[in-house]
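**Q** To start, I am sharing the structure in question, which I have written as structure tokens.
The values are calculated or read from the model by the stated rules, or taken from the named source; none is laboratory data. For clarity, every value in this text was computed on a predicted model and none was experimentally measured. FYI the Cβ positions are ideal-geometry reconstructions off the backbone, even for glycines, and counts take in every protein chain you see.
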Amino acid sequence: MTIKSKSQFKRVLLKLSGEALQGANGFGIDPVVISDIANEIKEVHAMGVEIALVIGGGNIFRGLAASTQGMDRASADYMGMLATALNSLALQDALERIGVATRVQSAIAMQELCEPYIRRKAIRHLEKGRVVIFAAGTGNPYFTTDTAASLRAMEIHADAILKATKVDGVYNKDPNKHKDAKLYDKLTYLDVLKEGLGVMDSTAISLCMDNNMEIHVFNLTKKGNIKRVLQGQKIGTIVSKKN
Ligand code: GTP
């Protein structure tokens, strides 16, 4: 297998879970972890890839979990969106401290903190080499940050979604609970939907399916993996139209 030093994609949407930022604390933002992630992003950015980011908010607040405990789902989801904005600002700071120009755009107006989401402006920022961080999900309750990632990926004409997780890719069952869980290297959108595989929620997967947006699921906790995916190395799981 030849390993390319250049990226197979020109523009990607990198989806990070909020939990990726929490490190061993189990809550909030770990300064060492966020700085490691920022350094990895800097490295791949230096390959000339245009990078947009969507970060979840689960390290601070989980809207769905709160709603199952009786909170109104819409209120809980709005709180979750604010959590993604906190993470976005933290990652912006971590990236800019190491010299990566960024712009945060929010789906919910918070003019004093960041720019509003304007699709054409986001594309312009990417063309100018800025990392664009999309905060506050889609701005709507009942939609996850995975759906926000799919939507924004479509809107900015990304070549692929890179979905960072804590495990090596998509398994037939939870690898943390089952030792014999099988890792898939390729799946179709329909496989994911039919088998109910927990890659992304069904809204996000359907959106990708309808618009033929490839999803690369990989383990963020292994250093250098974002680069490996971009170089086309065979790690993780690719979800696409064809198996
Ligand atoms: P160009 O037009 O390509 O030069 O992009 P730019 O982002 O550098 O220009 P602009 O003058 O729009 O932004 C300058 C700075 O102000 C950037 O750091 C933006 O993120 C920030 N900025 C722009 N609009 C807003 C806004 O509505 N709210 C906040 N808080 N910051 C903004």
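**Q** So, of the residues in segment 120-160 that are in a loop (DSSP other than H, G, I, E, B) and within 13 Å of the ligand (Cβ to nearest atom), which turns out to be nearest to Ser17 (Cα to Cα)? Show your work before the answer.
**A** Taking segment 120-160 and keeping what is in a loop (DSSP other than H, G, I, E, B), we get 128-130, 136-144, 156-159.
Still in the list and also within 13 Å of the ligand (Cβ to nearest atom): 128-130.
On the way: Lys128: 26, Gly129: 23, Arg130: 21 Å.
Result: Arg130.
**Q** Turning to a different aspect of this structure: Please work out if Gln111 is within 12 Å of the ligand (Cβ to nearest atom) and part of a helix (DSSP H, G or I).
**A** No; evaluated as a whole, the condition is false for this residue.
**Q** Here is a follow-up. As an exercise: evaluate Gln92 against (1) surrounded by 15 or more Cβ atoms within 10 Å (Cβ to Cβ); (2) within 30 Å of Asn212 (Cβ to Cβ); (3) without any contact (Cβ under 8 Å) to a residue 60 or more places away in the chain; (4) not hydroxyl-bearing (Ser, Thr, Tyr) and give the number of the one condition it does not meet.
**A** Gln92 satisfies every listed condition except (2).
**Q** Next question. For Lys163, all conditions in the list (1) within 22 Å of Ala122 (Cα to Cα); (2) assigned to a helix (DSSP H, G or I); (3) not aliphatic (A, V, I, L, M) hold save one; what is the number of the exception?
**A** (2)
**Q** Name the residue that is modelled with the lowest pLDDT, counting only residues in segment 21-52 that are under 14 Å from Leu86 (Cβ atoms) and among the aliphatic types (A, V, I, L, M).
**A** Selected residue: Leu21.
**Q** Starting from segment 108-134, keep only residues that are over 13 Å from Glu155 (Cβ atoms) and among the aliphatic types (A, V, I, L, M), then list their pairs with residues that are assigned to a helix (DSSP H, G or I) and near the ligand (Cβ under 10 Å from one of its atoms) whose Cβ atoms are within a distance under 7 Å, requiring at least 6 positions of separation or different chains.
**A** Close Cβ pairs (under 7 Å, with a partner that is assigned to a helix (DSSP H, G or I) and near the ligand (Cβ under 10 Å from one of its atoms)) amount to Ile133/Gln92.
**Q** A further question follows. Please enumerate the residues belonging to segment 74-108 that are assigned to a loop (DSSP other than H, G, I, E, B) and either among the acidic types (Asp, Glu) or within 16 Å of the ligand (Cβ to nearest atom) (or both).
**A** Applying the first criterion (assigned to a loop (DSSP other than H, G, I, E, B)) to segment 74-108 yields 98-101, 107-108.
Result: Gly99, Val100, Ala101, Ala107, Ile108.
**Q** Go through Gly70, Gly58 for me and flag whichever is away from the ligand (no atom under 14 Å from the Cβ), under 22 Å from Gly26 (Cα atoms) and either part of a loop (DSSP other than H, G, I, E, B) or within 16 Å of the chain's Cα centre (by Cα) (or both).
**A** Going through Gly70, Gly58 in turn, the sole match is Gly58.
**Q** So which residues in segment 117-131 are closer than 16 Å to Lys42 by Cβ and over 18 Å from the mean Cα position of the chain (by Cα), if there are any at all?
**A** Gly129
**Q** Output the residues belonging to segment 142-162 that are within 15 Å of Ser202 (Cα to Cα) and not small (Gly, Ala, Ser).
**A** Tyr142, Phe143, Thr144, Thr145, Asp146, Thr147, Leu151
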